[in-house]
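The values are calculated or read from the model by the stated rules, or taken from the named source; none is laboratory data. Keep in mind the model is a prediction, meaning the values are calculated, not measured. Cβ placement follows ideal geometry from the backbone for every residue including glycine, while neighbour counts extend to all protein chains displayed. Side chains are part of the model used for accessible areas, which takes the heavy atoms of the whole protein and leaves out ligands, DNA and RNA. Shrake-Rupley method; radii C 1.70, N 1.55, O 1.52, S 1.80 Å.
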Amino acid sequence: MMTTCCTDMNCETNVSTVCRTCGVKGLPVDPITLKALFTPDALRRGVPIDARFCPTPTCPIVYFGSTGTFTEDDLTVYVHAKHPHDDDVPVCYCFEYTPLKIRREDGAASKNIAREIKAGHCACEVKNPKGACCLGDVIRVEKEK
Ligand SMILES: [Zn+2]
């Protein structure tokens, strides 16, 4: 018999992978990213070891895990994924590229960042809220202009 377990949002087995607020599957994030970006109050609440990042722009949840959910108020930075069209919110957190700066460099930003990544200079795993490389986002912003 087929079970509806894994399509049910409230199913226990889904809680750790799907954002309960927007229903989108979260991206796994290393706890080190949360530790690097959390405010003192958020740190006191504890970093979930199974944290995931919710990429939905309209969803207030940035991270969720078995021990709680966290919004931008719990972070020391603004999150590009939550403000994809805000010119002042960084896209690249390592080298501080905002959409405004990316457009000013007229296609050179992704090349400059790629060069730094190749040189081993990037710190996306602790500086970027999504805990992963920003280059795809930078290229997307370059194409949007
Ligand atoms: Zn969400």
Test: residue in region 84-93 that is more than 14 Å from ALA36 (Cα to Cα), within 14 Å of the ligand (Cβ to nearest atom) and either at pLDDT 95 or above or not small (Gly, Ala, Ser) (or both): no
Residues located in region 22-53, provided they are among the aliphatic types (A, V, I, L, M) and under 18 Å from CYS94 (Cα atoms): VAL29, ILE32, LEU34, ALA36, LEU37
Selection status of CYS22, modelled with pLDDT of 95 or more, within 16 Å of the ligand (Cβ to nearest atom) and open to solvent by 40 Å² or more (accessible area, probe 1.4 Å): yes
Residue tally, condition within 11 Å of the ligand (Cβ to nearest atom) and either in contact with a helix residue (DSSP H, G or I) (Cβ under 9 Å, 6 or more places away or on another chain) or assigned to a helix (DSSP H, G or I) (or both), over region 26-69: 11
Matching residues in region 85-134 - criterion: being in contact (Cβ under 8 Å) with a residue 40 or more places away in the chain and farther than 24 Å from ASP41 by Cβ: VAL91, CYS92, CYS94, TYR97, PRO99, ILE102, ARG103, ALA132, CYS134
